[in-house]
Amino acid sequence: MAITEDQPIVVGVDGSEPSLRAVDWAADEASLRGVPLRVVFASLWERYEGARLAEELEESSERVRAGDIVETAARRARRRRADVRISTDVLPEEPEY
């Protein structure tokens, strides 16, 4: 299936280093294809504990809210690819694998 201009590249994040590397890849792909990037956190749990994300936020390793996770990931993508239109979403659903 070809990606069209109105279909974003979607990347799921959980605050882990591998998910942040996925954000880097997704930002590069979105820039290459000229499409938006959608950063999504999906979980039935309200909070996530992520040491890597806490380090990126320069905060203690207390619980980090899902909104913080997607916003941090979006900032990372913006620093990497300023030309990409980025949206974020927190979904109260189980992530799809």
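For region 59-69, indicate whether the set of residues that are at pLDDT below 85, open to solvent by less than 100 Å² (accessible area, probe 1.4 Å), farther than 17 Å from Ile9 by Cα and assigned to a strand (DSSP E or B) is non-empty.
Within region 59-69, one or more residues are at pLDDT below 85, open to solvent by less than 100 Å² (accessible area, probe 1.4 Å), farther than 17 Å from Ile9 by Cα and assigned to a strand (DSSP E or B).
Mind telling me which of the residues Ala73, Ala54, Ala30, Ala26 ends up being modelled with pLDDT under 90, open to solvent by less than 30 Å² (accessible area, probe 1.4 Å) and hydrophobic (A, V, I, L, M, F, W, C)?
Ala54
Looking at the structure I just gave you, is Arg38 in a helix (DSSP H, G or I), at pLDDT 95 or above, open to solvent by 60 Å² or more (accessible area, probe 1.4 Å) and among the basic types (Lys, Arg)?
The answer is no for Arg38.
If you take the residues of region 5-23 that are small (Gly, Ala, Ser) and not in a loop (DSSP other than H, G, I, E, B), which of them is most open to solvent (accessible area, probe 1.4 Å)?
Gly12
The values are calculated or read from the model by the stated rules, or taken from the named source; none is laboratory data. What you see is a predicted model; the values in this text were computed from it and never measured. Note: accessible area is taken over every heavy atom of the protein model, side chains too, but ligands, DNA and RNA are not part of it. Shrake-Rupley method; radii C 1.70, N 1.55, O 1.52, S 1.80 Å.
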